[in-house]
Amino acid sequence: MKLWLKIYLFSLLLLIFTLNIAGFILIQKLHNDLLEKEVEKCLAEQKFVSSEFRINSLALQKIYYLDASPDINMSISALMSEYTSLTNREDGEHGSIEILDQQNKILYSDLKFPVSDEKQELENLSDGKTNYIIRTLDDKQYLYVSSIVNVYNVPIKILYGKDISSIYIEKMNQCTLFMKLDILICSLFAVFMFFISRLITKPINTLIASTQKISLGQYSERVRIKSNDEFNVLSNHFNLMAKTIEDKINELEISNVEKETFINNLTHELKTPLTSIIGYSNLIRTAKYNEELFFEAADYIYKEGKRLEQMAFKMMDLIYAKTQEFELTPEKIMPIIYEAEKSMLVKLKDKNIDLIIEEEDCIVDMDKDLIKMALCNLVENAIKASKNNSKIYLKVTVVHDKTFISIVDSGSGISKEHLDKIWQPFYVVDKARCRKNNGAGIGLSICKKIAEVHKADIKINSELCKGTEVTLTFNNSIAYVNKTIKSIY
Amino acid sequence: MQGGLYLKINILIIEDDEAISNLIKINLSMAGYESRQVFDGLEAFNLLKEESFDLVLMDIMLPGMDGFELMKRIKDLNIPVIFLTAKNGLADKVNGLKSGAEDYIVKPFETVELLARIEIVLRRYSKNSNCAEFKNLKIYEDERIIKKGEETIELTLKEFELMLLLVKNKNRALSREYLLEKIWGYEFMGETRTIDAHIQKVRKKLDITDNIKTVYKIGYRLEE
């Protein structure tokens, strides 16, 4: 069942239930009070009649000193005529009187309405005791009050009866009125409550629609609920959640695309040397022997194999830098720079290039192996770009708490169109030159990754035919202790 | 197929990797084709405008101008193109063929496969002659006839196909498995001895016992 329907039905049922209970209790109470008053009135009237009798009989006895058997009937009729004239009877105001003897023989009666055959009210009467009963005859209610009175020492029964059906009719009228009111109120309530419950639960439907859209993949969907209640809070939180999910998904998609390009490039880079190796070895395997051809083929197989090997090493470096968790420790920078220089010596000598190091030592939080790897890659790139007998500068400068390491060459340079792409793995500017040097285009992506690990910036400035400058900037470095001490003295 | 005597088929190789380019060139020349090498897309475009070629083998990732772009520009020249690429994604394949290429070969490729595809494309363009020659033998592919001088030599269907394949891959050893697959089909579960038996018959019937060399551990090679 829907929420609005639940709210609607429950409140409606509750209203009907409580309204009716309250109404009927009220009507019943009013009726009871009315009835009680009527009964009291009737009792008083009956008492009045019976006491009249008793007083009259006592008075007559005293006056006439009568014998044991006076004529009761005479005195009764005299009394009743007096009573009747006294009360000035009007319809409904006063009840009727019936007088009976011990054997229930009617001595006097002015009852105008039917009397039931059963007369329990006349049984078990004793002196000073009054019985009353409400009896329904022919759909009308009658009240009967009876007591016993000694007249001339003869006990007679005085029965008082009154039509009280008007009270019951009144009750019925009230009930009908109440029912009408009840129906009117409930239907009004039902109509208003229908709209109110719909209005209250409307934000839920909005939320549902939004969640459905999001679950179908429209992560940019947002909930728009304008209210000042909990729905507003909920929708705000929901939107926050949706935004987080959207960001995460976009991030994942981007990284997925990156991974895909990486794998595509990797397979491409793998397949090219593999094609040569397979092709040339197959040539040797299947062709008729021809020394020149065989030498050429073997030479290609060797070179392409070397290229694969080189690429495998670089790939391992990249994967190492990408996947490992590194703990950065404060280290002096210069010893690492000299280590990197040492491992590049052979390549420097091959082209007779001078590596000029301008030093300024400081301490930087770093992973020694990674920094060495990055420096080697950058110097190697500089060597590849440089002509024979040229110079490469490696400068370390400390400004405030920042350390700059720059590698400057005066080689071939990189044109602007390539500059923003060179960080991508496998991107190479000059394919032919890259092949010759066994490059695969991974070096700079390794450097970039290493810079990321160290939260360092890496920037490249280059001008075609003039040279390239790559700068690594470390934040939060500490100037080398010795220098600090010197400056203090 | 190498109607070599009359008109050499000229193939342009556009491949930036020198090793692969040379490999293709060697294989093409062994199969009797003429070829030219270009290592750059733009250079290839300029060359194609000036000279005519019977077929172009083209890498997709090229410096200067990529393969798809080049393909678009040379479409009007109506030269059959076979893409040679390391990209083996389905989308790339579809793109390649949609752009108007005749075929699409994924690196690393087998030389025999490359040659077979080249031949199919050339046949489609009717650029290769119907008649292949070997020594004094003339092999008419469409008619399924081998003539020695003026005399027609009777061969069974399988023997004919075997000979044709050997002639097409002259100076190249063909493995028994390759021959089985090509002539008898994938489903054939025959033994490699079947090949040996057929080779014996072909040798005898055509009198070329010395020309069909048995290559140790591999298969057979037809030599002139």
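The values are calculated or read from the model by the stated rules, or taken from the named source; none is laboratory data. On a predicted model such as this, the values are computed, not experimentally measured, just so you know. Reconstructed Cβ throughout: ideal geometry from the backbone, glycine too, with neighbour counts over all protein chains shown.
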Checklist line | Yes/no for residue B:120 being touching a helix residue (DSSP H, G or I) at 6+ places or on another chain (Cβ under 8 Å) and not acidic (Asp, Glu) | finding: no
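Here is a yes/no grid of residues against (1) surrounded by 21 or more Cβ atoms within 10 Å (Cβ to Cβ); (2) out of contact with any Gly (no Cβ under 7 Å at 6 or more places or on another chain); (3) more than 14 Å from chain B (Cβ to nearest Cβ):
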position: A:333; (1), (2), (3): yes, yes, yes
position: A:345; (1), (2), (3): no, yes, yes
position: A:351; (1), (2), (3): no, yes, yes
position: A:358; (1), (2), (3): no, yes, yes
position: A:379; (1), (2), (3): yes, yes, yes
position: A:383; (1), (2), (3): no, yes, yes
position: A:395; (1), (2), (3): no, yes, yes
position: A:412; (1), (2), (3): no, yes, yes
position: A:427; (1), (2), (3): no, no, no
Next item on the list: Considering only region A:201-252, state which residues are of a type in the set (D, E, K, R) and within 19 Å of residue A:2 (Cα to Cα).
Entry: A:202
Next item on the list: Report, by residue number, each residue of region A:273-283 that is surrounded by 17 or more Cβ atoms within 10 Å (Cβ to Cβ) and more than 7 Å from chain B (Cβ to nearest Cβ).
Entry: A:273, A:277
Check: Is it true that some residue in region A:164-172 is surrounded by 13 or more Cβ atoms within 10 Å (Cβ to Cβ), touching a strand residue (DSSP E or B) at 6+ places or on another chain (Cβ under 8 Å), in the same structural domain as residue A:112 (by TED's automatic domain parsing) and closer than 30 Å to residue A:102 by Cβ?
Finding: yes
Next item on the list: Would you check which residues across region A:137-169 are touching a Leu at 6+ places or on another chain (Cβ under 7 Å) and closer than 26 Å to residue A:29 by Cα and list them?
Entry: A:144, A:145, A:161, A:162, A:164, A:167
Margin query: What's the total number of residues in region A:284-302 that are within 7 Å of chain B (Cβ to nearest Cβ) and at pLDDT 90 or above?
Written below: 1
Notebook entry, point to check: Restricting attention to region A:20-62, which residues are acidic (Asp, Glu) and surrounded by 16 or more Cβ atoms within 10 Å (Cβ to Cβ)?
Noted result: A:38, A:45, A:52
Item checked: Subset of region A:303-362 [in contact (Cβ under 8 Å) with a residue 12 or more places away in the chain and part of a loop (DSSP other than H, G, I, E, B)] -> A:326, A:327, A:328, A:333, A:351, A:352, A:353, A:359, A:360, A:361
Check: Got a sec? Which of B:8, B:25 is within 27 Å of residue A:297 (Cβ to Cβ), of a type in the set (Lys, Arg) and within 14 Å of chain A (Cβ to nearest Cβ)?
Finding: B:25
Item checked: Residue among B:217, B:204, B:213 that is free of Cβ contacts under 8 Å to residues at least 60 places away in the same chain and either more than 24 Å from the chain's Cα centre (by Cα) or in the same structural domain as residue B:120 (by TED's automatic domain parsing) (or both) -> B:204
Next item on the list: Say whether the condition of being touching a residue at least 60 places away in the same chain (Cβ under 8 Å), farther than 14 Å from residue A:336 by Cα and under 55 Å from the mean Cα position of the chain (by Cα) is met by at least one residue in region A:428-437.
Entry: no
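Every residue, every condition in (1) more than 12 Å from the chain's Cα centre (by Cα); (2) within 19 Å of residue B:215 (Cβ to Cβ); (3) among the hydrophobic types (A, V, I, L, M, F, W, C); (4) assigned by TED's automatic domain parsing to the domain that holds residue B:212, yes or no:
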| site | (1), (2), (3), (4) |
| --- | --- |
| B:105 | yes, no, yes, no |
| B:115 | no, yes, yes, no |
| B:140 | yes, no, no, yes |
| B:146 | yes, no, yes, yes |
| B:156 | yes, no, no, yes |
| B:160 | yes, no, yes, yes |
Check: Hey, does region B:120-139 have a residue that's within 14 Å of chain A (Cβ to nearest Cβ) and either of a type outside the set (Lys, Arg) or buried (at least 16 other Cβ atoms within 10 Å of the Cβ) (or both)?
Finding: no
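Filter region A:95-118 for residues that are out of contact with any strand residue (DSSP E or B) (no Cβ under 8 Å at 6 or more places or on another chain) and modelled with pLDDT under 75; which is surrounded by the fewest Cβ atoms within 10 Å (Cβ to Cβ)?
The qualifying residue surrounded by the fewest Cβ atoms within 10 Å (Cβ to Cβ) is A:117.
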Item checked: Given (1) more than 14 Å from chain A (Cβ to nearest Cβ); (2) exposed (fewer than 13 other Cβ atoms within 10 Å of the Cβ); (3) over 18 Å from residue B:157 (Cβ atoms), index of the condition residue B:204 fails -> (3)
Check: Taking only pairs six or more apart or across chains, which ones have beta-carbon atoms under 6 Å, a first residue in region B:55-74 that is at positive phi, and a second residue that is in a loop (DSSP other than H, G, I, E, B)?
Finding: B:64/B:40
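Quick grid of which residues meet (1) part of a loop (DSSP other than H, G, I, E, B); (2) out of contact with any Lys or Arg (no Cβ under 6 Å at 6 or more places or on another chain); (3) closer than 30 Å to residue A:223 by Cα:
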| residue | (1), (2), (3) |
| --- | --- |
| A:142 | no, no, no |
| A:148 | no, no, no |
| A:155 | no, yes, no |
| A:185 | no, yes, no |
| A:191 | no, yes, yes |
